[in-house]
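The values are calculated or read from the model by the stated rules, or taken from the named source; none is laboratory data. In this text the structure is predicted, and so the values were computed from the model without any measurement. Note that we place each Cβ from the backbone using ideal geometry, even for glycine, and neighbour counts take in every protein chain shown.
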Amino acid sequence: MDKCAHPAGAAGAPGLSERQRKHLRALAHALKPLIRLGSAGLTAAVARETERALRDHELIKVKAPGGDRAARDEVFVALARHTGSTLVQRIGNVAVLYRPRPELPGILIPDA
């Protein structure tokens, strides 16, 4: 779990409290994956599309192909690092990424 270049431990994404993460997970529950990684994995095109999706939506789901769990986790962490987003959660082959808009955030998260 990662936010930009700040590694996180088992507790999850740095900068977000468990209450905030729970709020974001609840909001993400009804979302469908906007980004689907193919067999090529994390490509420049996928990174650009993820950037655009985060700019438009702030909270997105990313789906990776099945396979090696460790490799999937590495791809999700690398994508979060590349986009400057926070990896909120990963369940199976679906991850939730969050990056607030700097000028006018559309998602209000509760105080820590």
Task: Which listed residue is under 14 Å from residue 36 (Cα atoms) and of a type outside the set (Phe, Trp, Tyr), from 65, 100 - done: 65
- [ ] Go through 78, 64 for me and flag whichever is more than 20 Å from residue 18 (Cβ to Cβ), surrounded by 19 or more Cβ atoms within 10 Å (Cβ to Cβ) and either in contact (Cβ under 8 Å) with a residue 24 or more places away in the chain or in contact with a strand residue (DSSP E or B) (Cβ under 6 Å, 6 or more places away or on another chain) (or both).
- [x] 64
Task: Unique match (being surrounded by 12 or more Cβ atoms within 10 Å (Cβ to Cβ) and modelled with pLDDT under 95) among 106, 41 - done: 41
Task: Selection from the stretch 48-78 of residues that are within 19 Å of residue 107 (Cβ to Cβ) and either small (Gly, Ala, Ser) or in contact with an Asp or Glu (Cβ under 9 Å, 6 or more places away or on another chain) (or both) - done: 53
Task: Hits in the stretch 81-94 (condition: loosely packed, with under 14 Cβ neighbours inside 10 Å and outside any loop (DSSP other than H, G, I, E, B)) - done: 91
Open item on the list: With the requirement that a residue be out of contact with any helix residue (DSSP H, G or I) (no Cβ under 8 Å at 6 or more places or on another chain) and closer than 12 Å to residue 97 by Cβ, what does the stretch 58-74 give you?
Closed with: 58, 63
- [ ] Tell me, please, whether a residue that is crowded, with 16+ Cβ neighbours inside 10 Å and at pLDDT below 95 can be found in the stretch 22-35.
- [x] no
